[in-house]
Each structure stands twice: as structure tokens, then as C-alpha cells.
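Have a look at the structure below, then the notes.
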Amino acid sequence: WAASVGPFDREPALLPYMKRFLGKVGNVTVRESISAAYLHKLDTAATVTSASDPAFTLAPEFVDVSPFWPRKPAQGVLGFNISPLIQKFRPAGESPDVLRGEVVGFLRQVIEDMDLSVLLIPHVDPLDGSPVNSDSHAMRPLLDALHDHRDRIGLAPPTLNAAQLKHVLSQTRYFIGARTHATIGALSSGVPTLSIAYSMKARGLNRDLFGDERHVIPTPDVSCAVLRERLDALRADEASVRAHLARTMPDWRERATIPAKLLATQLDAAAHAKMSKAA
């Protein structure tokens, strides 16, 4: 249902099982063109239909941001999200301290050189407070490392739901995120966004939305210098990015209804078939 699918190259033994499974599915709806091309290449019996991720239609829910918003917003706030998941896609054997150091160096430059403030925005946190796969746990050391700029940096709480997080994202001037649905929340709010990509999801979404991947940073490439270079380019292109998002978002929200309409058609056909058989 409007997902990204595959590739299964890392586990080739899984491929025949997935092809058989997909062959039993009436319709597979995918949210980006890379998945669509991959499924067509697999030549399964499933019908593949392109759609938008339903998250593009999520309505924001107001939440008071003042308790965690940077006390001195300066010329605007850069929202920043990083997840512990991306460490798996960094060079083999690299210490987490390397990536953390690059990010801290970049955020320091954002505050000191760009006159922007920073809001760290966790988008995935376990309900039981576990540090496993916790964005908050991964980003608190960034906050601690920049303690000398505490009036220019904040950390959103891990208790916000997806709709409240979308409201928070909508208040930022720019956003950089590793979690796909955090970037969708920002993009669908018209916020110029850079995606830190560890899979086809971010690449495909950006390619379909912008026609290229200039706003994508592959996870192995994340460094202070690359983050600074890409943010500089995004800032220079801010007006045109905002205009493009305002122009395209209505269509992307409409395309998110495609899976539901397909399901309604199939259910209607099944109901008619059942009635005909009963008659």
C-alpha cells in the first residue's frame, strides 16, 4: 500500500518467495518510481500502480512549541533529524563517534556562520522508552555537545504524535532528515528539505518530486563539509523550492488516494460478483 518494495539482492534466496507472494496480490501500489521500475523488472503477475505515500495527506495537529523551541531563533530554525539506523550504512568498522563529530561540527557552523538556530526533531521513539532505534537517544549527545549554544538549539520531546510532529516540522525554515516520514512531513508542509538516504525511498521520492537527487545525501557521504555544501545550495534555491512544493503538493495529495480508490473498486466488483452468484 503506497510503499517502497525491494530490492531483494542482498538476500537472493528470498527472491523466489517474494515473486510468488507478489503474484498472488491483485495490485501493488508503490510510492516512488524506483520501486515501480524494480517490480516491472521482476516481471511478477501483480499489477503495479504508482501512488503517493499517504503521509502527504496527514493533517498537522497544533502543539505549543515554545517549551522546546530555540530561545533565540535568529534568521530561522533548521530542523534536524538523524536516526541510529543509518550507522549500519556507514563504512564498516566506523565508530559512531565519527558521524556524531561530523554532525556536531556542521550544526556548530549552522549556528555560528549562518545565523540559523537548530531544532533536533526525533521522529521515531519506542513507546517503552528503550534507547533501541530511538532518535531521541541518538540526538541527545548532539544537544550536549553544543551546550555553549543552548539558547540557539533545542530538542523536541519524544512524546509527540505524527500529526503534532508535522506541525513542528511546518514551523522550521529548512529541514534535514534521515527518517523518510519526517522528510515527507516537512516537504508536504512546503519546507525546503534535504534527505539523508540509506535506501531507495529517499532517492525515489526526490527523483519523482524534483526530477533529480540534488536534495539527497547518501548516508556514507554525510560529513560536515557535505552537509554544509548541500544546505548552502538549498538556501540559495529556497524561493524556487518553496514555489515548486506549493505547486506540486495538491497533486501529490490527490495521488495518495489512488490505493483507496483501487481497493474500493475491487471490493465493489467482489460484491457484485457475490450478488450475481447468489441470484
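The values are calculated or read from the model by the stated rules, or taken from the named source; none is laboratory data. No experiment lies behind these values; they were computed from the predicted model shown. Note that we place each Cβ from the backbone using ideal geometry, even for glycine, and neighbour counts take in every protein chain shown. For the accessible areas, the whole protein counts, side chains as well, though only heavy atoms, and no ligand, DNA or RNA atoms are used. Shrake-Rupley method; radii C 1.70, N 1.55, O 1.52, S 1.80 Å.
Once the 1.4 Å probe is applied to the protein heavy atoms, segment 172-279 comes out at 46 Å² accessible per residue.
Spacing of the modelled spin labels on Ala270 and Ala225, each 7 Å from Cα toward Cβ, amounts to 5.6 nm. For segment 1-131, the calculated P(r) over all alpha carbon pairs, in 5 Å bins from 0 to the bin holding the longest distance, is 2, 8, 11, 12, 13, 13, 14, 11, 8, 5, 2, 0 percent. Segment 121-194 has equivalent-ellipsoid semi-axes of 20, 17, 10 Å, by the square roots of 5 times the alpha carbon gyration tensor eigenvalues, sorted largest first. Between Pro73, Pro218, Pro16, the Gaussian network model of the chain with springs among Cα atoms under 10 angstrom shows the greatest mean-square fluctuation at Pro16. Compared with the dominant principal axis of the Cα atoms in the chain, helix 224-236 is inclined by about 80°. Here segment 9-120 is treated with +1 on each Lys and Arg Cβ and -1 on each Asp and Glu Cβ, and its dipole about the Cα centre works out to around 460 debye.
Rounding to the nearest 20 debye, state how big the charge dipole of the chain is about its Cα centre with +1 on each Lys and Arg Cβ and -1 on each Asp and Glu Cβ.
Computed charge dipole of the chain: roughly 860 debye.
Each of Thr257 and Ser170 was given a label point 7 Å from its Cα along the Cα-to-Cβ line. The distance between the two points is 1.9 nm. Over segment 1-87, what percent of the accessible surface lies on carbon and sulfur atoms, probe 1.4 Å? Looking at segment 1-87 in its full context, I get 59 percent from C and S.
Work out which GluC sites (Glu not before Pro) in the chain are exposed loop sites (DSSP not H, G, I, E or B, at most 15 other Cβ within 10 Å) and give the longest gap free of them. Counting only loop sites that pass the neighbour cut-off, the longest clear stretch is 95-279.
In segment 2-141, Cα pairs under 8 Å separated by at least six residues give a relative contact order of 20 percent. Put the Cα centre of segment 89-106 next to the Cα centre of segment 6-29 and the gap is 34 Å.
In units of the rule-of-thumb radius 2.2 N^0.38 Å, the chain shows an alpha carbon radius of gyration of 1.11. Build a GNM of the chain with springs between Cα atoms under 10 Å apart, and of Leu42, Leu160, Leu116 the one that fluctuates most is Leu42. For the chain, the longest principal axis of the C-alpha atoms and the axis of helix 258-278 are separated by about 20°. Could you state the angle between the C-alpha long axis of helix 238-255 and the longest principal axis of the C-alpha atoms of the chain, as a value from 0 to 90 degrees rounded to the nearest 10? Helix 238-255 and the main axis of the chain meet at about 30 degrees. Apolar share of the accessible surface for segment 122-279: 57 percent from carbon plus sulfur atoms, 1.4 Å probe.
Give me the percent of Cα-Cα pairs in segment 76-159 that sit more than 19 Å apart, rounded to a whole number.
Working: 1321 of 3486 pairs.
Of all Cα-Cα pairs in segment 76-159, 38 percent lie more than 19 Å apart.
Placing pseudo-labels 7 Å out from each Cα toward the beta carbon at Glu94 and Phe68 gives an inter-label distance of 2.7 nm. Distance from a point 7 Å along Cα→Cβ of Asp144 to each backbone N in segment 82-112: keep the residues under 20 Å and list them by number. Within reach of a label on Asp144, which here means backbone N under 20 Å from a point 7 Å along Cα→Cβ, segment 82-112 contributes 82-87, 95-108.
Please calculate how many Å² of accessible area segment 1-157 carries per residue, with a 1.4 Å probe and no DNA, RNA or ligand atoms counted.
I get 51 Å² per residue for segment 1-157.
What separates the Cα centres of segment 265-279 and segment 112-160 is a distance of 53 Å. Farthest toward the positive end of the dipole of segment 1-141, out of Val5, Gln75, Ser52, is the Cα of Val5, where the dipole comes from beta carbon charges about the Cα centre. Sites listed here are trypsin sites (Lys or Arg not before Pro) in segment 1-109 whose DSSP assignment is loop and whose Cβ has at most 16 other Cβ atoms within 10 Å: Arg10, Lys24, Arg71.
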